[in-house]
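J.: Just dropping this structure here.
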Amino acid sequence: MATLIIKYLKRTQKSKPDEVLEFEPGVNVLVGVGNTGKTKWVQMLDYLMGDPDPPESTFGNDLAEKYDSIEALFLIDGKEYVIERHWKRQGKKGKIFINEEEFPASEFSEFLLSKLETPILHFPTGNPYSKRSWPQLSWRMLYRHVYRRQKLWADFADKQPEAEQYACLLQFLGLAEYIFSDVYSKLVEKQNNVYQLETSKEAYLKALDEVSKDLVGEKEVQVALTRDSVDVAINRINAKITSLQQQRDLALNNLLLQSVQEDDEEQNAFNQLSRAWNELQIVQDANEVKLAKIKRRLEELQAYKEAIDKELARLQRTRSAGRILVDLKITHCPACDQTVSRKTDSEHCFLCHQPIVAVANDSGTKRIDFEAEQLKGEGTEVDELITTLVEDRKVTISERRYIAEEIQRVNSQMKPIRQLAASIIPPEVTVLDMESGRLQERVRQLERIKASLVLRERLSEDIDRIQAEVAELNAQVENLRQKVNLAKASDMLTDGMNTYLNALQSQGKDLWTQKGVAFKMRKRDFGVIVSGDDWGSKLGGTLTLYFLFAYHFALLNLVRYPDTHYPGLAVLDLPPTLEDGSTVKDDENFVLEPFGKLMEKPDMENTQIIVTGAAFENLKGVNRIELTQVWV
């Protein structure tokens, strides 16, 4: 497991020496009386740790104006990384430099987590099956448990939602990758898909059922829509249509028997007009196709002609440039730019001294002229083709007008015959036709409703398919969760906190007046019990200070366990006074001595704690950095 050690922290300002704090593995204390800048140093470190807010909001306008940059040297898994932020460089305010390579502040989290071998994952912020997306568990979220601000000594991570706190603890314990795995995320997504499909299916069928009853009103579908019931209704209506058609045919046959035999010449004339009308429609369609082809071909040739003209213009510009540049001579050396002069005879080059081979000056011009002539020839051919197509288009348009006139003429000749035929048709045939049309429309409606029922089957198939995927993902999630031992994780934190409190109490000052701490990691959340009650309602100001020191001690102690992901760093900015009015100065040494003993252990050599305070006098085995200048 990789850990993070800060070797130095440096801030710079223009035209003044750099200010540097050097840290060591183990316990580091940053001491000084009030207003010596201890808190501002750790706030600037917080800004360096990927804070997306502007520096003015992190450590104040005065320091943001006074200083130009903040820099630190990180040691991660034996490798050094120089981390910098330069808020006064143009366009670099939101950037972080890692070994001089520029990164957006938003990408710093993934960089640092990857170097610390910490999984990058997403977690639910409430009900995992809600529609809200799962945010990424970022370094900034984790850092709120690493860096304790001076004014935030009331909770594990003040103002951090409980779901986020829980996710951070699972990450430190090495369990988040199993509980919030990609497989679990996919499972939640698939289960939400099943729920949405089932809801959509029910809503769709309900709406279809209500609309269909009002629209169709058939007795076969009065209870509920089914494909078989719709088929029965369609068959019944089709039988009615067949009966109506038979009645219509009978009426027309009777009319035929009663009518006088039609004149053969009139019948032949009508048939001829009908054939002529059909032939004209075919010719009209062919004419439209021909006209469309001419239009497309004409557009292609015009575009090609335009390209030829552009190429000819380019060649003309090249030929003009050649006339201007051909007489240019070398006057300066291309290597040193000094003036050169001719010192050889005219048969050798005065620059490279090689024999001059006579080359016709107009060879390049001839090549350009040849290419231009070729293009002109192609342009002439294209112009001829365009002219031919334009003429064809005129002829085709003329033919279209003629065909339209002929169709109008045939329609005029057929109109009297149609009116005569309509006048002799009995009224009952018209009634039968209207009823038959109404029934055919009802059949079409039923067919559309029947087709809509197919969607229900597709939804059911999708639900079955996704449920099969859910079952497979469930098995994978259960397999991952078998690796999660919440009881063991609870014991790790419980033992860590109680070890600290035992060490504190062993100093003989009755600093801790309560019973032991019981940390409970549960499936969805966590809780901490002190003396049989929730810790938040049980502890006062000084006891809360000891309790939270015990919490940071337990987190640092996780480094000793395999497969955990705590970065091995704590930055604690002590408040000058607590909520009950007591001062911290009297207890400073006592609260840090257990950390010193912890970090003396062989498996804790790559861990570090940085604590601010007023004095920490006579504290052995620590790196003591004293600030003396008081800022007013």
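J.: Between a residue in region 530-548 that is closer than 12 Å to Met497 by Cβ and any residue that is part of a helix (DSSP H, G or I), which pairs come within a Cβ distance under 6 Å, given they are 6 or more apart or on different chains?
T.: Listed pairs, sorted by first residue: Val530/Lys538.
J.: Give the residues of region 559-573 that are surrounded by fewer than 23 Cβ atoms within 10 Å (Cβ to Cβ) and within 12 Å of Leu493 (Cβ to Cβ), sorted by residue number.
T.: Correct list: Tyr561, Thr564.
J.: So, one more: Looking only at region 12-38, count every residue that is β-branched (Val, Ile, Thr) and surrounded by fewer than 19 Cβ atoms within 10 Å (Cβ to Cβ) and tell me the total. Spell out the reasoning first.
T.: Filtering region 12-38 for residues β-branched (Val, Ile, Thr) gives 12, 20, 27, 29, 31, 33, 36.
From the residues that got through so far, the ones that are surrounded by fewer than 19 Cβ atoms within 10 Å (Cβ to Cβ) too are 12, 20, 33.
Matching residues across region 12-38 total 3.
J.: Quick one: in region 65-81, of everything that is in contact (Cβ under 8 Å) with a residue 60 or more places away in the chain and farther than 14 Å from Trp139 by Cβ, which residue is surrounded by the fewest Cβ atoms within 10 Å (Cβ to Cβ)? Please lay out each step first, then the result.
T.: From region 65-81, those in contact (Cβ under 8 Å) with a residue 60 or more places away in the chain are 70-77, 80; that's our starting set.
If we keep only those that are farther than 14 Å from Trp139 by Cβ too, we end up with 70-73, 75, 77, 80.
Working: Ile70: 24, Glu71: 19, Ala72: 21, Leu73: 16, Leu75: 16, Asp77: 13, Glu80: 11.
The residue in question is Glu80.
J.: Another question about this same structure. For a quick check of your reading of the model, give me the residue pairs whose first member lies in region 82-110 and is touching a residue at least 40 places away in the same chain (Cβ under 8 Å), whose second is crowded, with 17+ Cβ neighbours inside 10 Å and basic (Lys, Arg), with beta-carbon atoms closer than 6 Å and at least 6 apart or on different chains.
T.: Ile96/Arg85
J.: Within the bounds of region 44-53, is there any residue that is surrounded by fewer than 16 Cβ atoms within 10 Å (Cβ to Cβ), over 28 Å from Pro594 (Cα atoms) and not β-branched (Val, Ile, Thr)? So that I can check it myself, show each step before the final result.
T.: Step one: list which residues in region 44-53 are surrounded by fewer than 16 Cβ atoms within 10 Å (Cβ to Cβ), which gives 52-53.
Adding the requirement that they be over 28 Å from Pro594 (Cα atoms) leaves 52-53.
This time we only want the ones that are not β-branched (Val, Ile, Thr), so: 52-53.
Yes, that holds for at least one residue.
J.: Going by the conditions given, is Asn474 surrounded by 14 or more Cβ atoms within 10 Å (Cβ to Cβ), at pLDDT below 75 and within 30 Å of Tyr561 (Cα to Cα)?
T.: On the way: surrounded by 14 or more Cβ atoms within 10 Å (Cβ to Cβ): yes; at pLDDT below 75: yes; within 30 Å of Tyr561 (Cα to Cα): yes.
Here the answer is yes, as Asn474 does meet what is asked.
J.: Consider only pairs whose beta carbons are under 8 Å apart and that are at least six residues apart or on different chains; among these, list those whose first residue lies in region 591-616 and is free of Cβ contacts under 8 Å to residues at least 60 places away in the same chain and whose second residue is among the hydroxyl-bearing types (Ser, Thr, Tyr) and in a strand (DSSP E or B).
T.: Sorted first by the residue in region 591-616, then by its partner, the list stays empty.
J.: Also: Taking Glu262 and the conditions (1) under 28 Å from Met434 (Cβ atoms); (2) modelled with pLDDT under 85; (3) part of a helix (DSSP H, G or I), which numbered condition does it fall short on, given that it satisfies the others?
T.: (3)
J.: Right, here's the next one. So which residues in region 213-258 are part of a helix (DSSP H, G or I) and modelled with pLDDT under 65, if there are any at all? Working first, answer last.
T.: Let us first name the residues in region 213-258 that are part of a helix (DSSP H, G or I), namely 213-216, 219-221, 227-258.
Answer for region 213-258, where residues must be part of a helix (DSSP H, G or I) and modelled with pLDDT under 65: Lys213, Asp214, Leu215, Val216, Lys219, Glu220, Val221, Leu255, Leu256, Leu257, Gln258.
J.: Those residues that are free of Cβ contacts under 8 Å to residues at least 60 places away in the same chain and under 19 Å from Gly536 (Cβ atoms), I need them from region 499-525; list them, please. Working first, answer last.
T.: Let us first name the residues in region 499-525 that are free of Cβ contacts under 8 Å to residues at least 60 places away in the same chain, namely 501-502, 505-506, 508, 510, 512-520, 522-523.
Across region 499-525, the qualifying residues are Leu501, Trp512, Thr513, Gln514, Lys515, Gly516, Val517, Ala518, Phe519, Lys520, Arg522.
J.: Taking into account only those residues within region 513-529 that are among the β-branched types (Val, Ile, Thr) and touching a strand residue (DSSP E or B) at 6+ places or on another chain (Cβ under 8 Å), which is nearest to Phe180 (Cα to Cα)? Explain how you work it out, then say what you get.
T.: At the first step, the residues of region 513-529 found to be among the β-branched types (Val, Ile, Thr) are 513, 517, 528-529.
Now narrow it down to the ones that are touching a strand residue (DSSP E or B) at 6+ places or on another chain (Cβ under 8 Å): 517, 528-529.
On the way: Val517: 27, Val528: 22, Ile529: 26 Å.
Here the residue is Val528.
J.: Do any helices (runs of 4 or more DSSP H) lying entirely in region 18-113 carry at least 1 residues that are basic (Lys, Arg), and which ones are they? Step through it out loud before you land on a result.
T.: Details: elements: 38-48, 55-59, 61-66.
Passing ranges, in order: 38-48, 61-66.
J.: Do you know which residues across region 99-111 are over 22 Å from Ile179 (Cα atoms) and within 22 Å of the chain's Cα centre (by Cα)? Working first, answer last.
T.: Kept after step one, since they are over 22 Å from Ile179 (Cα atoms), are these residues of region 99-111: 99-108, 111.
Within region 99-111, Phe103, Pro104, Ala105, Ser106, Glu107, Phe108, Phe111 qualify.
J.: Right, Val517: in the same structural domain as Phe156 (by TED's automatic domain parsing) and more than 26 Å from Thr3 (Cα to Cα) or not? If you could, list the steps in order and put the result at the bottom.
T.: On the way: in the same structural domain as Phe156 (by TED's automatic domain parsing): yes; more than 26 Å from Thr3 (Cα to Cα): yes.
In short, yes.
J.: Name every residue in region 21-36 that is more than 19 Å from Lys597 (Cα to Cα) and touching a Phe, Trp or Tyr at 6+ places or on another chain (Cβ under 6 Å), in order of residue number.
T.: Selection gives Glu22, Val31, Asn35.
J.: Scan region 1-47 for residues that are on the phi > 0 side of the Ramachandran plot and touching a helix residue (DSSP H, G or I) at 6+ places or on another chain (Cβ under 6 Å) and jot them down.
T.: Within region 1-47, Gly26, Gly32 qualify.
J.: Look at Leu459 and say whether it is under 29 Å from the mean Cα position of the chain (by Cα), at pLDDT below 75 and in a helix (DSSP H, G or I). Spell out the reasoning first.
T.: Values: under 29 Å from the mean Cα position of the chain (by Cα): yes; at pLDDT below 75: yes; in a helix (DSSP H, G or I): yes.
Taking the combined requirement at face value, the residue satisfies it.
J.: Give region 135-172 a look and list any residue that's surrounded by fewer than 23 Cβ atoms within 10 Å (Cβ to Cβ) and polar (S, T, N, Q), or say none.
T.: Across region 135-172, the qualifying residues are Gln136, Ser138, Gln150, Gln160, Gln165.
J.: For region 348-384, which residues satisfy the criterion of being in a loop (DSSP other than H, G, I, E, B) and at pLDDT 70 or above?
T.: Taking region 348-384 as the starting set, the residues that turn out to be in a loop (DSSP other than H, G, I, E, B) are 349-354, 356-362.
Result: Cys349, Cys352, His353, Gln354.
J.: Any residue that is over 21 Å from Asn238 (Cα atoms) and surrounded by 13 or more Cβ atoms within 10 Å (Cβ to Cβ) - is there at least one of those in region 430-448? So that I can check it myself, show each step before the final result.
T.: Step one: of region 430-448, the residues over 21 Å from Asn238 (Cα atoms) are none.
There is no residue in region 430-448 that is over 21 Å from Asn238 (Cα atoms) and surrounded by 13 or more Cβ atoms within 10 Å (Cβ to Cβ).
J.: Within region 1-47, take every residue that is more than 17 Å from Ile625 (Cα to Cα) and small (Gly, Ala, Ser) and give me the one that is modelled with the lowest pLDDT. It would help to see each step written out before you state the result.
T.: Taking region 1-47 first, the residues more than 17 Å from Ile625 (Cα to Cα) are 1-4, 12-17, 46-47.
Pick out the ones that are also small (Gly, Ala, Ser) and you get 2, 15.
Values: Ala2: 91, Ser15: 83.
Here the answer is Ser15.
J.: Related question: Restricting attention to region 612-620, does a residue exist that is at pLDDT 90 or above and either part of a loop (DSSP other than H, G, I, E, B) or assigned by TED's automatic domain parsing to the domain that holds Ser531 (or both)?
T.: If we filter region 612-620 for residues that are at pLDDT 90 or above, which is where we start, we get 612.
Next, only the ones that are either part of a loop (DSSP other than H, G, I, E, B) or assigned by TED's automatic domain parsing to the domain that holds Ser531 (or both) stay: 612.
Yes: region 612-620 contains one or more residues that are at pLDDT 90 or above and either part of a loop (DSSP other than H, G, I, E, B) or assigned by TED's automatic domain parsing to the domain that holds Ser531 (or both).
The values are calculated or read from the model by the stated rules, or taken from the named source; none is laboratory data. Since the structure is predicted, the reported quantities are computational estimates derived from the model, not experimental observations. Heads up, the Cβs are rebuilt from the backbone with ideal geometry, glycines too, and the neighbour counts pull from every protein chain shown.
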